[in-house]
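Here is the structure we will look at.
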Amino acid sequence: MSELSEEVSAFERGVRHGRDPVNSGADGPAQTTNDSFWLADWCQACGHTFREGDRVHVTHGPPPVVRHHSPTLPCSGLVTDYDQPDDDLSRAFHAAVDAANPPLPGTNAVLLVPGHPLLLPLVPRRQCAFCSDSFRPFESAVICPCQPQEPRCKLGVHRDPGGGNTCYDEWVSNGPLLTCPTTFKKVGER
């Protein structure tokens, strides 16, 4: 690498670090922040969106490549220093949060276990109609937010207070939906 190329690379790393001060701007492990250039993009390995707080592995390229770097999303292929998640513990945690903050009566909230249609391995993955983040295993979601008592569409919205995803509660905080966001029909019309 020539001296000029090294100076340009150092300058570019400094600019990246200045725009995202939590991360160094260098290749390697990083944590997703509101300032990360990859926030709200999706991982080309797994199809899930990057969220604030996600551990990732960044190779600035060109082109830049960002992959998840955690035990639940080991897309970088370099995850070695984390404990594996405990699915039973996750279920118990969500049950406790739901008991403390139960969904409204008639809300069709479901725990997304592997194999659920909202978790199909598409790239990019199916996303919440409110926040646009992908659905991940063991999150909770409301199916058909306009008519959760009689779901007609397959539209999903996060309702996972334990995971910090209160999309459904925020969406209906001003009252029930009057129009279906999928069909654009008035709620109750067939």
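The values are calculated or read from the model by the stated rules, or taken from the named source; none is laboratory data. From a predicted model like this one, the values you see are computed outputs, not experimental measurements. Reconstructed Cβ throughout: ideal geometry from the backbone, glycine too, with neighbour counts over all protein chains shown. For accessibility, only protein heavy atoms count, side chains too; no ligands or nucleic acids. Shrake-Rupley method; radii C 1.70, N 1.55, O 1.52, S 1.80 Å.
Note on the stretch 95-108: among residues that are surrounded by 11 or more Cβ atoms within 10 Å (Cβ to Cβ) and outside any loop (DSSP other than H, G, I, E, B), the one that is modelled with the highest pLDDT is A96. Selection over the stretch 118-167 of residues that are open to solvent by 50 Å² or more (accessible area, probe 1.4 Å), of a type in the set (A, V, I, L, M, F, W, C) and either over 24 Å from F93 (Cα atoms) or out of contact with any helix residue (DSSP H, G or I) (no Cβ under 7 Å at 6 or more places or on another chain) (or both) gives a count of 3.
I'm trying to understand the selection: among the residues of the stretch 139-168, which are within 12 Å of the chain's Cα centre (by Cα) and part of a loop (DSSP other than H, G, I, E, B)? Selection gives E139, G164. R67 meets the conditions (1) surrounded by fewer than 16 Cβ atoms within 10 Å (Cβ to Cβ); (2) of a type in the set (K, R); (3) touching a Ser or Thr at 6+ places or on another chain (Cβ under 7 Å) in every case but one. The failed one is (1).
Based on what the data block shows, is P29 open to solvent by 50 Å² or more (accessible area, probe 1.4 Å), modelled with pLDDT of 75 or more, in a loop (DSSP other than H, G, I, E, B) and more than 17 Å from D160 (Cβ to Cβ)? The answer is no for P29.
This table checks each residue for (1) under 13 Å from the mean Cα position of the chain (by Cα); (2) part of a strand (DSSP E or B).
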position	(1), (2)
S36	no, no
R51	yes, no
S70	no, no
F93	no, no
V110	no, yes
G115	no, no
P124	yes, no
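Screening R13, R19, R51 for residues that are surrounded by fewer than 18 Cβ atoms within 10 Å (Cβ to Cβ), within 22 Å of Q127 (Cβ to Cβ) and out of contact with any strand residue (DSSP E or B) (no Cβ under 8 Å at 6 or more places or on another chain) leaves exactly one candidate, R51.
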